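Step one of this worksheet: look at the structure below.
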Ligand SMILES: CC(C)(COP(=O)(O)OP(=O)(O)OC[C@H]1O[C@@H](n2cnc3c(N)ncnc32)[C@H](O)[C@@H]1OP(=O)(O)O)[C@@H](O)C(=O)NCCC(=O)NCCS
């Protein structure tokens, strides 16, 4: 498996994985915008085809993980972990020292993944999502080795 920057031909599979992974997926227009503007921190995991992706953005030296998803058939094989690790490395190369993300409170499997990578719960986000679901703000400081 290879982890690399997204290419134009990958975007269709990213839409598919996003739509099959989330009840409220990002609008393709937003994904397209992220692809256009934040390509260096939009990564895909590739094994014959795109099997997962992560989207990050950097705002004033703060990293933000916008989306992470792995094709259902390839889950629990550390693809998600490797995508986050690679993005954290890129963030670090670009001088980022603090990373944040929002996750649904009931998405305990994603929280577990992030906690294993050193993220901590920074804040509860009541009714954060459009359907009224609560979220959690998770953060990690990047010092030393990722
Ligand atoms: C969350 C997601 C990205 C995880 O990807 P993945 O490649 O399967 O994750 P990994 O194999 O790297 O798992 C790392 C750790 O996370 C935890 N984890 C991941 N999936 C889990 C599950 N289904 N149940 C319990 N723990 C889980 C485990 O601690 C796991 O380590 P282990 O396998 O050694 O026990 C994937 O399940 C997914 O795409 N879900 C739908 C979209 C989503 O929720 N994205 C996150 C939005 S914030």
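Points worth noting:
- Matching option when the condition is outside any helix (DSSP H, G or I) and out of contact with any strand residue (DSSP E or B) (no Cβ under 6 Å at 6 or more places or on another chain), among 23, 32: 23
- Condition met for residue 115 (near the ligand (Cβ under 9 Å from one of its atoms), farther than 22 Å from residue 14 by Cβ, modelled with pLDDT of 95 or more and out of contact with any strand residue (DSSP E or B) (no Cβ under 6 Å at 6 or more places or on another chain)): yes
- Residue tally, condition over 20 Å from residue 43 (Cα atoms) and free of Cβ contacts under 8 Å to residues at least 40 places away in the same chain, over the stretch 119-144: 17
Results for (1) within 16 Å of residue 83 (Cβ to Cβ); (2) surrounded by 18 or more Cβ atoms within 10 Å (Cβ to Cβ); (3) within 14 Å of the chain's Cα centre (by Cα), shown as yes or no for each residue.
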| residue | (1), (2), (3) |
| --- | --- |
| 2 | yes, no, no |
| 16 | no, no, no |
| 21 | yes, no, yes |
| 41 | yes, yes, yes |
| 48 | no, no, no |
| 51 | yes, yes, yes |
| 54 | yes, yes, yes |
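One line per residue, one yes/no per condition, for (1) more than 16 Å from the ligand (Cβ to nearest atom); (2) in contact with a helix residue (DSSP H, G or I) (Cβ under 8 Å, 6 or more places away or on another chain):
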residue: 14; (1), (2): no, yes
residue: 48; (1), (2): yes, no
residue: 65; (1), (2): no, yes
residue: 72; (1), (2): no, yes
residue: 82; (1), (2): no, no
residue: 87; (1), (2): no, yes
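The values are calculated or read from the model by the stated rules, or taken from the named source; none is laboratory data. In this text the structure is predicted, and so the values were computed from the model without any measurement. Cβ sites come from the backbone with ideal geometry, for glycine too, and all protein chains shown count toward neighbours.
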